[in-house]
Amino acid sequence: MLRKGLERNAQPLAVQLRASFSSSVTAGAGNLALVGDAQQQSGGFLSRLFGAPQRITTPLTEPLPGLDYPSPATQPTSPPETQITTLPNGLKVASEATPGLTATLGVYVNSGSVWEMPHESGASNLLEYMAYKTTSNRTHFRLVREVESMGGNVLASATREQMAYNIDVVKTNIPEALEVLLDAVANPAFHNWELQEQIKRLTKDIENAKNNPQSLLMEGCHAAAYSGALGQPLIAPLATLPGLSTELMHSFVARNYNPTRMVLAGSGIEHDALVSLAEPMVAGLSGGHSQSSQTQPPSEYTGGDFRQLAAGPITNMMLMFEFNGGWRDVKGSVAVTVLQYLLGGGGSFSAGGPGKGMHSRLYLRVLSGNPWVHHCGAINNMYNDTGLVGIMATCESGQSDNMVGLLVKEFQALTKDVPGHELERAKRAATASILMNLESRAIVVEDIGRQLLTYDRRIPVDEFLTAIEALQPSDITSLVTELLKKPPTFGAIGDISKVPRYQQVAAHFG
């Protein structure tokens, strides 16, 4: 199955595909013509030994040789379209030919902590740490050397429902970068010594996370809010780390890294070129599981209470409610996004200077006039079919009861009236945030990959902007009214002696 994918000869597969990649890209848009023999290169002995691409030594003050720079007079007048191809093994390839000299590639997998069995708890967290280590084709040293030689930047992240692997490179190194990326995703070796080294590193990070109340609150509130898959921890429990063996990690990847649950996304590359490169590289990846095994384990929202004693004179708390529908309820999730900007919030001290979020409701109605409030801000954690929407606050411990009262008051006020000028400001802020984020290639790739896993298509940005523009005050009041019909999820960390009991908090909402 996956172990059979990306079989390699003595020379990298990417080198064999360079010629076809060069001709297809040049024929497509002239964005990339691979560097010829005249290019100045200096990869050194190790590059030649390990098959890494040669390092380009052209000074930064000069244009890269071999690249066809388009004339400003011929720049496209409309955004590039997202093109999607499904390969015979079920893996989806999606890309957007974003202009520029660099490209971002990413593999997104429908796998995360919700897919873990009890004895596998923490596997997804450990996978994030094990990314780009030794594979069945490369040692860790060789992989790092190749990425350095091509000037690449790699990243991996784990969430509850998805895994993401990314690499950023200059366009001349796309073939090698794609091979490294796919090899790292499909063929991890999981050598025991590397596992133990990363488990030690992960253990230290978990210990350090105890100083991050927001992270601890989020984990605790998920466990309290959901019965089932979403209630499982994303941060690896210390008790299960010793059991995350080579065999267990191989089993988890083999069961969940199925090509039908994977998306290869690209930004800054012509679609036909990406497909022609990827197809032979992933031809050996195949499924082997029934459709039932591809169904995400269920989660049921119950609401609940989480609290943890910690030393210090302050208390951190979260008050959240379920948004039933999640990302797949497009209209509802758009309203949740605008609601977050409407509530806004911030801290009593701003390192970047005053003014951030100062017109939002939480800033005007909670932070202003209450010097004992250190921080108050809207939060949401959205998933495919559900989500948590709420407010996080930090206050002096003696004011915990009053802090809860303010949070309750803010939620209840939103069920009655939302001034039109406040909603318009929130809509403008949400629109600006979406458009500015999509100026980043990395965000574009993430948007493509995650949307295909969630919706099986990429929703045009104009569709989101139209939905934002169509929102009325009644949509926000209706949304919050529905939220408050569910039992609340409440969490607190710090001096919790003055924090009201869960029954008292829930009683405010009937």
Contour excess over end-to-end distance, with Cα ends at D205 and S157 and 0.36 nm allotted per residue: 15.8 nm
Cross-chain or 8 or more residues apart, Cα under 17 Å: how many lysine pairs in segment 304-507 fit that? Count them up, please. 5
How large is ³J(HN,Hα), in whole Hz, for each residue of segment 308-325 in order, when computed from phi with the Karplus curve 6.51 cos²θ - 1.76 cosθ + 1.60 and θ = phi - 60°, using x for Gly and Pro? 9, 6, 9, 5, x, x, 10, 10, 9, 9, 10, 10, 9, 9, 7, 9, 7, x
Compare the peptides 175-182, 377-384 by average per-residue count of other Cβ atoms within 10 angstrom and give them in order, highest first. 175-182, 377-384
Which order results if M117, M403 are arranged by neighbouring Cβ count within 10 Å, fewest first? M117, M403
Enter the Cα centre distance for the pair segment 122-190 and segment 294-314, rounded to the nearest angstrom. 32
Can you give me the long-range amide H partners of H374? Hydrogens built in the peptide plane at 1.01 Å from N, cutoff under 5 Å, separation of 5 or more residues or another chain. T394, C395, E396
With +1 on the Cβ of every Lys and Arg and -1 on the Cβ of every Asp and Glu, and nothing else charged, how large is the dipole of segment 304-507 about its Cα centre, in debye rounded to the nearest 20? 240
Cross-link partners of K200 among aspartates and glutamates (Cα-Cα below 16 Å; sequence separation of 8 or more within a chain): E128
So what's the gap between the Cα centers of segment 195-255 and segment 93-118, to the nearest angstrom? 22
Using the Karplus curve 6.51 cos²θ - 1.76 cosθ + 1.60 with θ = phi - 60°, what ³J(HN,Hα) values do you get for each residue of segment 151-156, in whole Hz, with x for Gly and Pro? x, x, 10, 10, 8, 9
By its C-alpha gyration tensor, with a ≥ b ≥ c as the square roots of the eigenvalues, how is segment 386-451 shaped: rounded for a/c under 1.5, else prolate for a/b larger than b/c, else oblate? prolate
List every residue whose amide H lies under 5 Å from the amide H of R307, counting only residues 5 or more places away in sequence or on a different chain, with H placed 1.01 Å from N in the peptide plane. A492
Measure off 7 Å from each Cα along the Cα-to-Cβ vector at K485 and V144, then give the distance between these two points in nanometres to one decimal. 5.5
What does the highest-first list of 229-241, 333-345 look like by mean Cβ count within 10 Å? 333-345, 229-241
More than 31 angstrom separation, counting every C-alpha pair in segment 304-507; what % is that? 22
Residue-by-residue Karplus 3J(HN,Hα) for segment 365-373, coefficients 6.51, -1.76, 1.60, Hz, glycine and proline x: 9, 10, 5, 6, x, 10, x, 7, 8
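Coordinate-derived values only; no laboratory data. Keep in mind it's a predicted model, so treat the numbers as computed, not measured. No Cβ is skipped: glycine too gets one built from the backbone with ideal geometry, and neighbour counts run over all protein chains shown.
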